[in-house]
Ligand SMILES: Cc1cc2nc3c(=O)[nH]c(=O)nc-3n(C[C@H](O)[C@H](O)[C@H](O)COP(=O)(O)O)c2cc1C
C-alpha cells in the first residue's frame, strides 16, 4: 500500500499492542501521540491515517487533541480505533462514535470509520482518578439496571471487579483490510 501511519495513545499497553500489530500488517510506523511533533509531521503525505486510543468513559483518549490537526481532506483518510472492555453493542458503538468522529463530523460527510477493539482491564493496576472514575461508572451501571438489561450489567460488573483480557491479534483483521483498501 501507499504510505500509512498509526498514531496511538495507550496507558497500560493494550492499545499500543494493537497499534504495533496494525503497523506491522500495513508495513508502516506506529507512533505514540505524545511523541508526535506535529510541526515536523506532514499528515498529507499519508494515504491512510490510523488513530487509536484507549476508551475512558466512552471517550477515545486524546482523540480531541489529535482531531485539531485534521481537516476534511485528512478526515477522508482516517480510520479510528478505540480499545475498551465493553462489548461492541450498537449502544456502546454509537456512544463512542458520538464522542469521537461524531463530534467533529456529525453527518460523517468525510467517511472516517471507527473500530472498537477488545481491551484489557486489571483492577489491581488502576489507581488515582481512573480508579475513582471506575467506581462511579460501576455505581451508575448497577443502579441504572433494568430487569432486561441485568445479564449485560452483571457481565460488565464482573469485568470491573475481576478484570478481563480480550486483546487478540485477530481483532484487527477488518481494520487492516479497510486500511489496505484505502490506498
Ligand atoms: C477509568 C477507566 C475508564 C474506562 N472506561 C471505559 C469505557 O467507557 N468503555 C470501555 O469499553 N472501556 C473502558 N475502560 C477500559 C479500558 O479502556 C481498556 O481496558 C483498554 O484496553 C485500556 O487500554 P490501554 O491498555 O492501552 O491503556 C476504562 C478503563 C479505565 C481505567
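From the square roots a ≥ b ≥ c of the eigenvalues of the alpha-carbon gyration tensor of the stretch 123-162, which class results: rounded (a/c under 1.5), prolate (a/b over b/c), or oblate? Oblate.
May I ask for the distance between the Cα centers of the stretch 88-152 and the stretch 1-73, given as a whole number of Å? What the calculation gives is 20 Å, centre to centre. Ranked by the mean number of other Cβ atoms within 10 Å of their residues, highest first, the peptides 147-157, 26-36, 112-122 fall in the order 112-122, 26-36, 147-157.
Note on the chain: with a GNM built from Cα contacts shorter than 10 Å, the maximum mean-square fluctuation among 80, 140, 50 falls on 140.
Between 0 and 90 degrees, the angle of helix 14-26 with respect to the longest Cα principal axis of the chain falls at about 30 degrees. Using Cα pairs closer than 8 Å and at least 6 residues apart in sequence, work out the relative contact order for the chain, in percent. Relative contact order of the chain: 24 percent.
In the chain, the DSSP beta bridges split such that about 15 percent are antiparallel, to the nearest 5. With the cut-off at 1.5 for a/c, could you classify the chain from its C-alpha gyration tensor as rounded, prolate or oblate? Judged from the Cα gyration tensor, the chain comes out prolate (a/c at least 1.5, a/b above b/c). Between 94, 19, 40, the Gaussian network model of the chain with springs among Cα atoms under 10 angstrom shows the greatest mean-square fluctuation at 40.
Read the figures in this text as sums done on the coordinates, not as results from a lab. As the structure is a computational prediction, the values presented were derived from the model and not from experiment. Positions of Cβ are generated from backbone atoms using ideal geometry, with glycine treated the same way; all protein chains shown enter the neighbour counts.
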